[in-house]
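Shown next, in structure tokens, is the structure this report addresses.
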Amino acid sequence: MACWVSFLLFFFCQSTSHADPIKEFPTKTLINNVVQDRQTGRIYLGAVNNIFQLGPSLQFEASAETGPKEDSPTCTPPASSCHDTSPMPNTNKLLLVNQKNGSLIVCGSRYRGICSLRDLSNVGKELYYTDNKGEKTYVASIEDDVNVVGIMSNHTKDQTTFDVFFVGKGYGSQDSAILISTRILQDFQDWVVFESISEPAVVQTKSYAPKFMHDFRFAFEEGGFIYFLFSRTFDGTDNKILTFVSRLCKNDSYYYSHTELQLNCGTNNQYNKVQAAFVGSPGKYLAQELIDKNIIGNRDAMSKVLFMVASSDDDKSALCMYPLSSINGRLMEIISACYSDSGKISNKPAKDMLDQYKCGADFLPSPLASRPEFAFKADPVWETQGFLTAVAIDVENDHTVGFLGNNQGEVFKVHLAKKAEHYGTIPGDGMRENVNRNLFFDLSHNHIYITTERKITKVPVQTCLQKTDCQSCMDLKDPYCGWCVLEGRCTRRSECKRAEEKNGWLWSPAQQCVKIASFSPPNFSREKRGSSVRIYNCYCFLSYFVSLLYCCVLRCMSCVASAWECQWNILDHTCNDRNDAVTGPHIIRHREISHFISIKEELRGSWQVIFRNFLFLCFVHLSVTLYNCAKGREDCSLCKYADSKYKCVWCRKQNKCVFEKLCGTHQDEDLQNVQCPNPEITDVKPLYGPLNGSISITIFGSNLGIHKEDIKSITVAGEPCIHQKEKYSVSKSMSVPSRGPKAGGTLITISGKFLETGSKVDVQVTIGGVHCAVEQFGEEITCRTGEYKGEKVPSEDLPITLKYGKSTSRTIQKAFKFLENPTVLDHTPKSSFVWLVEHKLHQFCPVMVLKIYSLACFPALPMCLFVVSFKNFNQNTPNILVSLSMQGRGFSKAMTVKETKAFVGDVKYDVTVLRDDNLFLVPPDKESQTFIKFGKAEFKAGSVQYERKNDLSLYIIIPAVIVPMLLIITISVYCYRRKSQQAEREYEKVKHQLENLEESVRDRCKKEFTDLMIEMEDHTNDLNEGGIPFLDYKTYTDRVFFLPSKDGANDVMITGKLDIPEARKNTVNAALNQFSNLLNSKTFLINFIRTLERSHDFNARARVYCASLLTVALHGKLEYYTDIMRTLLLELMEEYVHSKNPKLMLRRSETVVERMLCNWMSICLYQFLKDSAGEPLYKLFRAIKHQIEKGPVDARVKKAKYTLNDTGLLGDDVEYSNLQVLVQGEGLDVTYVKVLNCDTISQVKEKIIEQVYRNLPYSQRPKADGVTLEWRPGSTGQILSDLDLTSQKEGRWRRINTLAHYNVISIVLFYFPPIGNALLEDDKVFHLVRPAEELDEFKSKRGSIKDKSMTKAITEIYLTRLLSVKGTLQQFVDNFFRSVLCSGAVVPPAVKYFFDFLDEQALKHNNVDEETIHIWKTNSLPLRFWVNILKNPHFIFDVHVSEVVDASLSVIAQTFMDACTKSEHKLSRDSPSNKLLYAKEISTYKKMVDDYYKDIRLMVPVSDQDMNTHLAEVSRSHTSKLNTQVALHQLYQYASKYYDEIIKSLEEDPAARSKNLTTRLNQIAAALENKVTDL
């Protein structure tokens, strides 16, 4: 019987040891990302074109379709505005769970990586999506092979904390260059949802150019830092991939704290490319192993570890571990080295600097990265063949277990101990698909979710129950498993109820089972005494069918149906040895299986429980109480307050209230006396009260004690609180004015909530330490600022501190700024009247008499004005408008003419003149009372009458006047008719001549234009072959910034050569790097610029040069450069608006910031020049050059027959003919070249070189003096030169040789490298025109005045040529203007950004009208950039601009300037010819400018983030090519020259003192000047 029962029990154990079924969810499209909601356990799959929501058991709950979408790679959202779109798949790039607001962040590859928010409870519901916010909301990448990672976090700004997520993404060809960004999840201030709130674009793209091939794999947050794990090349020159971890403070919006550390895995960094990672705490045994190997210290035993799987170049993979404490320590070494040791790891951290600036600063180096020799090296923990793609780490019973996925769909299970051991593999499904890098566990850590390309599977972390005997359990070597000896099962330790007993649970990797060799007698009770039998504690060891008398069955049926005489106690639910002494209804005897049991306990519910165990049935009716300890017992105090009969205990391991037997802690731990966690206060109500107290408050929190006696004392603000009384409350928000004078007296108002706390005498307000006297106390606090007594007003805003009593205070950072005291220069008026209000003082003046030609009044009383009554004023009175004069005293002493008011009845009349003793006004046209008012005083006057003069005799007047008049008129008419007839004849003659001239000019223009278009078509073909010779960015900036300098092309910034001894180069370079960091401090740079501009010898040329140096030095951080420029522009604007003429702002480069703006425009518009405006500008230049060279050009006086500039017009009508010569060089090719027979030999050379090397830029062509022309009319040749022995002489003057001089017609010319040819040098030479003032002396003596006038050409005769050239070039000029002023094309973002900035600032000033804004925009863009480029094409093209071409370009540039002005140009016969030339087109151009400005104003704004992104791209692309070190060296020369003034300015600035800027400048000076300072 015993054996039979044992067999049944064994069979029962087998039946309960089945394996959990494996659950899975397949998809039709590729799975890209998978995340888990850690609160609900839900799973979210991000697949191509779909989002799936699954339950914890992978049951389908909801889905959303995300694609395909109508899109194209070049489309800028919204898609409705794009062309050539097609349905494109939407790859999921990022999936994040935001538990705080119940949303799922979904970012796809369509529409430039725009994200959306979906409901966590139903992903089919979209909570937010918009595609019209511009580039600032583009988060992910549109390229499938670019990885994107993210991590949820929060950010605090202006005392407001909001949710954000950090994003790291690689670089795609269609993406922005921003690699790391912080994205907001709500609209806040100027930010919109998904906009990047960080401003680190320059910081990132400077080092993270596309050539570095970033591949982000993991992101996590720990200890207030955000970490990114990625791989990239080291410097872009080597394709070797390296792994890096970067760290930044999560509240560092500028990423000053961004620091990189290279991670090496394996010998010689064999496993160099990271694939996946996991961050978690290691088990106790693994932590001890790390301590033993000195990888971490004892205090870091609980520190988390970065577990990383990486691959090698030879298809191998490994797992490496990097403790976060060690990573942070190495990062601190790098930061310390960069802050103080110029990048050398000296193990001497700059503690003060690190403590003060834990998250970096604008003046400290950033970003930071280590060199390979400083990499953090780790040995592989486990290595394998193949490609590992995922890793997850779990801890079981203090042992660390790794789950490592590969590219075959398998997951390796590795026990991470002293020596890692691979003990098992979760097989794939045979599809050989990659395991997704997102490998994670369910909430209970009993299962792991394995995601492959088209399926997610939920698999148990262990298969212990599948093993039925101890040995097979041991063979697993699974750290999760062990043999539960007394239950005879292979289980996890937590599932073995008596595992804590010695040898009660045998751990699988220990490889040791309990074996029983023999046992006698077979049945024996452990309760019996006196026997010498040895009993092993081997409960339910059924594998040997040992009949052991041990009552070990868990259920009632198993107890009473066993082979041994056991009985069941229903009160304590125990199975015991049969004991006849124990009786009662609660005892079920052996084999009493039908006994009906009733438990007399508290009745909460009644159930009938059927215990079924194969052959035996045990029916037990139980009246029981079901009690959940965790319900309503969220903290330790509530748990211990529960009724003791329920045996609820606070389980520290599970951090919750549970039934004591479910805690699973160590058997020695007293669960009833567990120490509760520290009290935590979560809320206090009410939040404020009177200073005298006596109010009740309620304190909310957790773990506040079990009984009221546990509360020993309560204090509020340091004062005792008896019976829950409180003293103070805290205000939440405050607002104050932002600035005031240094002398104080500014009344500021602080508003907020609960400010009426305490009394007025208890409140103190200070502004940066300056007392602010409280004048009003209540819901708002009003105080008046005191005097700031420092020598220098701080440059930064100061904090406002509101203090209640002695210990409570609230501070608003950067809230108020002291300004210099205002200086009163003048006031108006300087005096006023003293009036008495009493009406009896009003005085009446005598009657006045108004004469017809003069006006007089009687003497007036002091300050008396008159009420005028007009009499005898009728239709017969001459209607003569005269001024009414009123006399008195003291009229103008305190009033102006505008302030004086005159009323005739109710009608106001203007006072025209106001003097001290009289005033004048226009008399009324009817009789009425006139009131004159000075301020509030009103005066009346006497009566006014008109007097008529005596009439003269008409009989005398008419003959004396009319007769001579008639005679004069008759003579005049006769003379006029005679002259008019003559003038009419002359007019007809001139008209006929003008018509002929107009026809001639029209024909000439038509012919010239046709010829030019044919020539330009040929040139366009040349352009298609050779391209427009654009200069590279460095040459372009060198020419724009430094070519106009005094040294020109020899400027050190262009040559890049510094005279530094070789021995000091390293020291100087290190010091210059520190100087660069110092320039990155806004406080220092603003002080630096202000100090230089205050110096009297810092002239305009120095300001321009210094601004250009700053542009190059800060080119790597153009967003910072822009911020400095904006700050200085705001100061300049304040100066011009309040104390100067606003219209003059930005007109000249009189300040550093004005030149900085010019350079900024040049930088931002370089790409626009190359993409849009460059081609029409180049064609215009070529057309002008070609048109000029079609006619004679005097090589000496630089004048041409065909030009746009009247001063450069060739005055003589030179005879010439066109020649087409054949040119053969050293090769066999023959080239046709068009020349003029009046061309000098040098001009011929230039035309030959231009034609032969037309597809090469000018800098790569040979120069004219580098070749020699040889004429071979026959078998012999003749060298041609400008001057030789055959040159013609005219008196003392020699004519430069031309082709006509040599009688060259149309022959073959050879040109070779120059040969020795002794040319004659002579200053007295001319080409086509002899200078007028140098006429031969004998001609000047003999010739008549008429002859002399004929020796000079009358230039005005040839002005029609200007019209001809202008008409020929008109289309090219129009094309260029349209390319620049057409808003329909692409407008550079810098133009929109800066114009919006000007509009925004103009709205803040009342005296800035539309005309002023127009002038500002004109001064900032057309005048500062386009005119400069138009006049200097060689700034952007590799061309040579001759003086004659430059003269014509200047005319077009002047036309462009005139078109941009608002003032009307009044033309006359005396106006310059250049103005008259384009007078007709100016109105059209003006309208183009106005429309351009209006259209830009209506465009979508360019945000700061978008502008920073654009600037970052410019920095990323070009900074490395510039002579940055040379610029820093030249800038330091200014710092050295004005060293004392700069030091003084820094010492007077509190902000500069707090940053130790003076000390840092001293250190730099010591290094650069090789001298010892006071330091």
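Across bins of 5 angstrom width beginning at 0, how are the C-alpha pair distances of the stretch 1122-1254 distributed, in whole percent?
2, 8, 12, 12, 10, 9, 10, 9, 8, 7, 6, 4, 2, 1, 0
Quick one: if you stick a label point 7 Å off each Cα along the C-beta vector at Glu1443 and Glu500, how many nm between them?
10.5
Could you do me a favour and compute the accessible area per residue for the stretch 1189-1259, 1.4 Å probe, result in Å²? It would help to have the intermediate numbers written out before the result.
On the way: 3320 Å² over 71 residues.
Accessible area per residue, the stretch 1189-1259: 47 Å².
Assuming R0 = 35 Å, what is the FRET efficiency of Lys358 and Glu709, from their Cβ-Cβ distance, to the nearest 0.05?
After rounding, the FRET efficiency stands at 0.20.
At a 1.4 Å probe, what is the % contribution of carbon and sulfur to the accessible area of the stretch 30-135?
Taking all protein chains in place, the stretch 30-135 shows 46 percent carbon and sulfur surface.
Which value, in debye to the nearest 20, describes the size of the charge dipole of the stretch 1446-1575 about its Cα centre when Lys and Arg Cβ atoms bear +1, Asp and Glu Cβ atoms bear -1, and nothing else is charged?
Roughly 280 debye, rounded to the nearest 20.
Placing one identical point scatterer on every Cα of the stretch 246-308 and ignoring solvent, what is log10 I(q)/I(0) from the Debye formula at q = 0.24, 0.28 Å⁻¹?
-1.08, -1.10
Please compute, over every Cα-Cα pair in the stretch 303-456, the percentage with a separation greater than 29 angstrom.
37
Under a 5 Å amide H to amide H cut-off, with H placed in plane at 1.01 Å, what residues pair with Phe218 once short-range neighbours are removed?
Amide H neighbours of Phe218: Leu229.
Please report the projected area of the stretch 1168-1244's Cα convex hull averaged over all directions, in nm².
7.5
Listed highest first by mean packing, meaning other Cβ atoms within 10 Å per residue, what order do 27-33, 802-808 come in?
Taking the mean over residues of other Cβ atoms within 10 Å, the ranking is 27-33, 802-808.
Determine the principal axes of the Cα atoms in the stretch 93-132, then give the extent along each, sorted from largest to smallest and rounded to whole angstroms.
Each principal axis gives a Cα extent; for the stretch 93-132 these are 26, 17, 16 Å.
Using a Förster distance of 45 angstrom, determine the FRET efficiency expected from the C-beta separation of Thr583 and Tyr641, and round it to 0.05. Kindly include the intermediate steps, with their values, before the conclusion.
Numbers: r = 38 Å, r/R0 = 0.84.
FRET efficiency, Thr583 to Tyr641: 0.75.
Could you tally up the Lys pairs in the stretch 1498-1575 with alpha carbons closer than 27 Å? Skip any pair fewer than 8 positions apart unless they're on separate chains. Working shown, then result.
Values: Lys1537/Lys1555; Lys1537/Lys1571; Lys1544/Lys1555; Lys1544/Lys1571; Lys1555/Lys1571.
Step by step, the pairs that qualify in the stretch 1498-1575 add up to 5.
Collect residues whose amide H, placed 1.01 Å from N in the peptide plane, falls under 5 Å from the amide H of Gly280; neighbours closer than 5 in sequence don't count.
Hits under the 5 Å cutoff: Val305, Phe307.
So which of Lys1143/Lys1404; Lys1404/Lys1487; Lys1201/Lys1324; Lys100/Lys640; Lys789/Lys817; Lys1201/Lys1289 end up more than 21 Å apart, counting from Cα to Cα?
Lys1404/Lys1487; Lys1201/Lys1324; Lys100/Lys640; Lys1201/Lys1289
Cβ neighbours within 10 Å, averaged per peptide: list 671-677, 794-800, 306-312 in order, most packed at the top.
Packing proxy ranking, top to bottom: 306-312, 794-800, 671-677.
Would you mind checking which residues have amide H under 5 Å from Arg1294's amide H? H placed 1.01 Å from N; only 5 or more apart, or other chain.
The list, which skips near neighbours in sequence, is Val1325, Phe1326.
With N residues in the stretch 1370-1467, what two-decimal value do you get for its Cα radius of gyration over 2.2 N^0.38 Å?
Ratio of Cα Rg to 2.2 N^0.38 Å: 1.23.
Between His1434 and Phe659, what is the spin-label point distance in nm, taking each point 7 Å from the Cα along the Cα→C-beta axis?
Each label point lies 7 Å from its Cα, and together they span 9.6 nm.
Would you kindly derive the ³J(HN,Hα) couplings of the stretch 99-110 from the backbone phi angles with the Karplus curve 6.51 cos²θ - 1.76 cosθ + 1.60 (θ = phi - 60°), listing them in order in whole Hz, with x for Gly and Pro?
After applying 6.51 cos²θ - 1.76 cosθ + 1.60, I find 5, 5, 10, x, 10, 10, 8, 10, 10, x, 8, 9 Hz.
List the residues of the stretch 123-149 whose backbone N lies under 12 Å from a point placed 7 Å from the Cα of Leu1403 along the Cα-to-Cβ direction.
none
How far apart, in nanometres, would the label points at Thr130 and Leu571 be if each is projected 7 angstrom from Cα along the Cα-to-Cβ direction?
Spacing of the two 7 Å Cα→Cβ label points: 7.3 nm.
For the stretch 898-903, just list the computed ³J(HN,Hα) in residue order, Karplus coefficients 6.51, -1.76 and 1.60, θ = phi - 60°, integers in Hz, with x standing in for Gly and Pro.
Each residue of the stretch 898-903 in turn: 6, 7, 7, 10, 10, 10 Hz.
Calculate the translational D of the stretch 1422-1539 in whole µm² s⁻¹ from Stokes-Einstein, where the hydrodynamic radius comes from the Kirkwood formula applied to all Cα pairs, the temperature is 37 °C and the viscosity 0.692 mPa s.
Working: Rh = 18.5 Å.
Reported coefficient: 177 µm²/s.
Please turn the phi angles of the stretch 1423-1428 into ³J(HN,Hα) values with the Karplus equation 6.51 cos²θ - 1.76 cosθ + 1.60 (θ = phi - 60°), one per residue in order, whole Hz, x for glycine and proline.
Once rounded to whole Hz, the list reads 6, 7, 10, 5, 5, 5.
Take the Cβ-Cβ distance between Asn1556 and Ser1520 as r, set R0 to 35 Å, and report the resulting FRET efficiency rounded to the nearest 0.05.
After rounding, the FRET efficiency stands at 0.70.
Along the charge dipole of the stretch 68-128, Cβ charges K/R +1 and D/E -1, which of Thr76, Thr91, Ser103 sits furthest on the positive end?
Ser103
The values are calculated or read from the model by the stated rules, or taken from the named source; none is laboratory data. The shown structure was predicted, so the numbers you read here are calculated from the model rather than taken from an experiment. Positions of Cβ are generated from backbone atoms using ideal geometry, with glycine treated the same way; all protein chains shown enter the neighbour counts. For the accessible areas, the whole protein counts, side chains as well, though only heavy atoms, and no ligand, DNA or RNA atoms are used. Shrake-Rupley method; radii C 1.70, N 1.55, O 1.52, S 1.80 Å.
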